[in-house]
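**Q** One structure, as structure tokens, below. Some questions next.
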Amino acid sequence: HNYVSYYWNKDVCGENSIFKAMSRFRNLVAGLDEEFTVNAIEGDWITVPVMYHYPPGGGKINKHADPKTKQFCTMLCSLSKKGEDFQSGGSYIEKNEKICVEDELSYGDMFLMDPTTVHGVDPIDADLDLDWSSRQGRYVLNPALVQVKSLHGVKVKGLKDLEAN
């Protein structure tokens with residue numbers, strides 16, 4: 001499940017202030033103007049503030065590396081905890097070996113990485129049947145800085161899908 005809350009939409013449960021704070025922090029880390037894409041599309045760039053829910057038995061993002069563009073850092077904020085909300089799977093990075101990022105995260109923890117780092121998401125509790133109605137699983141917030149053209153299905157130059165079919 002994805003819940004996208006663009007900044008110009010109605011603030012349903014106070015999420016806009018959280019996403020805006022995360023976006024400003026991302027921008028500062030990346031050396032961008034603090035307000036870059038916080039309130040509007042700027043040039044070919046937009047922030048896509050999204051909450052992801054990966055239910056038991058599902059969720060996967062292919063192992064990949066993103067290009068280093070204005071998206072100098074990728075960040076997520078964990079709203080769940082491995083061992084409590086789910087037992088296996090989740091975010092990982094690869095640096096000579098596979099490192100399960102979720103093993104180190106708890107509620108409210110933020111994880112930042114260079115987008116060119118090989119990363120992905122393994123299925124959550126893959127041994128279980130997919131259950132879209134379950135509230136269990138993995139939840140994360142991500143104020144993704146993306147090129148507008150990617151929202152129209154245009155692959156961003158430099159994206160390396162390492163598991164392409």
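The values are calculated or read from the model by the stated rules, or taken from the named source; none is laboratory data. These figures come from a predicted structure and were not determined experimentally. All Cβ positions, glycine included, derive from the backbone under ideal geometry; neighbour counts span all protein chains shown. Accessible surface is based on the protein model in full, side chains and every heavy atom, while ligands, DNA and RNA are left aside. Shrake-Rupley method; radii C 1.70, N 1.55, O 1.52, S 1.80 Å.
**Q** Give the range 12-35 a look and list any residue that's assigned to a loop (DSSP other than H, G, I, E, B) and touching a residue at least 60 places away in the same chain (Cβ under 8 Å), or say none.
**A** none
**Q** Being open to solvent by less than 80 Å² (accessible area, probe 1.4 Å), among the hydrophobic types (A, V, I, L, M, F, W, C) and out of contact with any strand residue (DSSP E or B) (no Cβ under 6 Å at 6 or more places or on another chain) narrows it down to one residue among 154, 146; which is it?
**A** 154
**Q** Separate question: For the range 97-105, state whether one or more residues are crowded, with 18+ Cβ neighbours inside 10 Å, in contact with a Gly (Cβ under 6 Å, 6 or more places away or on another chain) and touching a residue at least 60 places away in the same chain (Cβ under 8 Å).
**A** no
**Q** Only one of (1) within 30 Å of residue 31 (Cβ to Cβ); (2) among the hydroxyl-bearing types (Ser, Thr, Tyr); (3) assigned to a loop (DSSP other than H, G, I, E, B); (4) within 15 Å of the chain's Cα centre (by Cα) is not met by residue 106, so which one is it?
**A** So the condition that residue 106 fails would be (4).
**Q** Taking the range 125-165 as the region of interest, how many residues are within 23 Å of residue 92 (Cβ to Cβ) and aromatic (Phe, Trp, Tyr)?
**A** Result for the range 125-165: 1.
**Q** A further question on this structure: Within the set of pairs 6+ apart or on separate chains, which have a first residue in the range 65-81 that is under 14 Å from residue 47 (Cβ atoms) and in a loop (DSSP other than H, G, I, E, B), a second that is open to solvent by less than 30 Å² (accessible area, probe 1.4 Å) and among the aromatic types (Phe, Trp, Tyr), and C-beta atoms under 8 Å apart?
**A** 70/36; 70/45
**Q** Can you run down the residue pairs with Cβ atoms below 7 Å, 6 or more apart or on separate chains, where the first is in the range 50-61 and farther than 10 Å from residue 138 by Cα and charged (D, E, K, R) and the partner is in a strand (DSSP E or B) and open to solvent by less than 20 Å² (accessible area, probe 1.4 Å)?
**A** 60/121
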